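Worksheet: one structure, shown below.
The values are calculated or read from the model by the stated rules, or taken from the named source; none is laboratory data. This one's a predicted model, so the numbers in the text were calculated from it and none came from an experiment. Cβ coordinates were reconstructed from backbone atoms using ideal geometry, including for glycine residues, and neighbour counts include every protein chain displayed. What goes into the accessible areas is simple: the full protein's heavy atoms, side chains included, and nothing from ligands, DNA or RNA. Shrake-Rupley method; radii C 1.70, N 1.55, O 1.52, S 1.80 Å.
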Amino acid sequence: MFLKLTGSVCVLVACVGFVREILRTGNLHRKMLESLIEMTELLAAEIRYERLPIQDALLQVQKKVRPEISIVLLHIVEQMKKGSGTEFVTIWEQAFREAQKDLFLKSEDEVCRIGKHLGFLDQTQQEQHLKGCAKRLQRMQEQVQKELEEKKRIYRYLGMAAGIFVILVLV
C-alpha cells in the first residue's frame with residue numbers, strides 16, 4: 001500500500017513538473033523575443049548615432065544583449081572576418097538557425113529577416129528595416145504572451161488530470 005501511494009505521488013509530481021517545464025519554455029521564448037527586440041533597437045541606434053559599419057555595430061550590440069544572443073552575434077562577426085565571400089544575409093540566417101534551440105525560437109523566419117537588408121542599404125533604410133522588424137517581433141511576443149495566458153490554466157488542469165489518470169490505471 002505504501003509503495004502504491006509513493007508511486008502515485010511520484011506520478012503526480014512528474015506530471016506537474018512536465019507542465020511547469022512547458023510553461024517555463026514558453027516564458028523563455030517570450031523573454032528571448034523581448035531580447036531580440038532590444039537587439040534590433042540597439043543595432044538601429046548604433047547605425048544611426050555611431051554610424052558604425054555593420055561588423056562594428058554587431059560587436060557593440062553583443063556587449064549589451066543576453067549571452068545567448070551575444071554568442072550568435074559574435075559568430076556572425078567571426079564569419080564575416082573570415083572573408084569567405086558568403087553573403088551577410090546567409091551568414092545571419094545560418095547563425096540564427098544553428099542557435100534556434102538555445103534561443104527558444106519556434107519560428108526563426110522573422111529573426112532571419114532582420115539580417116536581410118543590413119550592411120548594404122543606406123542608414124535610413126536600415127533603420128526603417130530594423131524598426132519594422134522590431135514591430136513584427138513585438139507582435140510575435142504579444143501573440144506568445146496571449147497564448148501562454150490562454151493555455152496556462154488548461155496545461156495545469158490537463159497535467160493533473162493526466163497524473164490522476166495514470167495513477168488510476170496503475171493502481
Can you pull the accessible area of TYR157 for me, 1.4 Å probe, Å² to the nearest 10? 150 Å²
For the chain, the percent of accessible surface on carbon and sulfur atoms (probe 1.4 angstrom, ligands and nucleic acids excluded) is 57 percent
Of the listed pairs LYS82/LYS131; LYS81/LYS146; LYS116/LYS151, those with alpha carbons more than 31 Å apart are LYS81/LYS146; LYS116/LYS151
If you average the alpha carbon positions of segment 112-171 and of segment 12-64, how far apart do those two centres end up, in angstrom? 12 Å
Sequence-separation-based contact order of segment 21-84, relative, with Cα cut under 8 Å and 6+ spacing, percent: 25 percent
Please work out whether segment 43-89 counts as rounded, prolate or oblate from its C-alpha gyration tensor, where a ≥ b ≥ c are the square roots of the eigenvalues and a/c under 1.5 means rounded, while otherwise a/b larger than b/c means prolate and anything else oblate? oblate
If the cut-off is 28 Å between C-alpha atoms, which lysines fall inside it for LYS152, apart from same-chain ones fewer than 8 positions away? LYS31, LYS101, LYS106, LYS135
Residue with peak Gaussian network fluctuation, the chain [Cα springs, cutoff 10 Å], from LEU36, LEU158, LEU118: LEU158
Rounded, prolate or oblate: which fits the chain when a ≥ b ≥ c are the square roots of the eigenvalues of the alpha-carbon gyration tensor, with rounded for a/c under 1.5 and prolate only if a/b beats b/c? prolate
Label-point separation in nm, LYS152 to GLU87, each point 7 Å along Cα→Cβ: 4.2 nm
Explain nothing, just the number: relative contact order of the chain, from Cα pairs under 8 Å at least 6 residues apart, as a whole percent. 37 percent
CD proxy, 222 nm, the chain: helix-only mean residue ellipticity via -39,500 (n - 2.57) per DSSP H run with n ≥ 4, per residue, nearest 500, stands at -27500 deg cm²/dmol
On a 0 to 90° scale, report how tilted helix 88-98 is relative to the longest principal axis of the chain, with both axes built from alpha carbons and the result rounded to the nearest 10. 20 degrees
In Å², what does the accessible area per residue of segment 1-147 work out to with a 1.4 Å probe? 59 Å²
With +1 on the Cβ of every Lys and Arg and -1 on the Cβ of every Asp and Glu, the dipole magnitude of the chain about its Cα centre, in debye rounded to the nearest 20, is 680 debye
Rounded to 10°, Cα long-axis angle of helix 67-82 versus longest principal axis of the chain: 40 degrees
Rg/Rh ratio calculated on Cα atoms of segment 73-171 (Kirkwood radius): 1.23
For q values of 0.18 Å⁻¹, compute log₁₀ I(q)/I(0) with the Debye formula on a Cα-only model of segment 11-99, without solvent. -0.82
Applying 1/(1 + (r/R0)^6) with R0 = 30 Å to the Cβ-Cβ distance of PHE18 and ILE71, what FRET efficiency is obtained, to the nearest 0.05? 0.55
